[in-house]
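S.K.: Structure provided below as structure tokens; questions to follow.
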Amino acid sequence: MNERKKQLLRDFPWEEHYPRLIAFAEWLLQGKYWNSNQVPKGQTAESIVRDVIAKTFSEERNW
């Protein structure tokens, strides 16, 4: 990831948008059913958002 993208991630207003990202993930999960009626591996919308953000910062996920 180039420096410009890294700086954009650092400067992003996470406090403001984090709840919105969770709400969006919850919305995406609505109506999705697994055999146990739970997301695989016991994940929640918040844990998915947190993992995606962490993987983006660590460059494991391309942005």
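Values in this text are rule-based calculations from the coordinates and carry no lab data. Predicted, not measured: the structure shown is a model, and the values here were computed from it. Because the Cβ atoms are built from the backbone with ideal geometry, glycine has one as well, and the counts that use them run over all protein chains shown.
S.K.: Of all the stretches in the chain, which is the longest one without any exposed loop site, taking trypsin sites (Lys or Arg not before Pro) in a DSSP loop (any state but H, G, I, E, B) with at most 14 other Cβ atoms within 10 Å? Walk me through the numbers before you get to the answer.
M.R.: Values: sites that count: Lys32, Arg61.
With a cap of 14 other Cβ atoms within 10 Å, the longest stretch comes to 1-31.
S.K.: Could you tally the net charge around Ile22, taking each other residue with its Cβ under 15 Å from the Cβ of Ile22, Lys/Arg +1 and Asp/Glu -1?
M.R.: Details: positive: Arg20, Arg50; negative: Glu15, Glu16, Glu26, Glu46, Asp51.
Value of the local net charge: -3.
S.K.: Alpha carbon centre of segment 41-60 versus segment 11-32: separation in Å?
M.R.: Using only Cα atoms to place each centre, the spacing works out to 12 Å.
S.K.: Hey, another quick one. Just to be sure I follow the definition: excluding the sites themselves, where is the longest run in the chain that has none of the GluC sites (Glu not before Pro) in a DSSP loop with at most 16 other Cβ atoms within 10 Å?
M.R.: Values: sites that count: Glu59, Glu60.
Within the chain, the longest run free of exposed GluC sites (Glu not before Pro) spans 1-58.
S.K.: Something else: Tally Lys/Arg at +1 and Asp/Glu at -1 over every other residue whose Cβ is under 13 Å from the Cβ of Val49; what's the total? Could the numbers behind the result be given before it?
M.R.: Working: positive: Arg20, Arg50, Lys55, Arg61; negative: Glu26, Glu46, Asp51.
For residues surrounding Val49, the net value is +1.
S.K.: I've got another one for you. Sequence gap at least 6, Cα distance under 8 Å: using those rules, report the relative contact order of the chain to the nearest whole percent.
M.R.: For the chain, the relative contact order is 41 percent.
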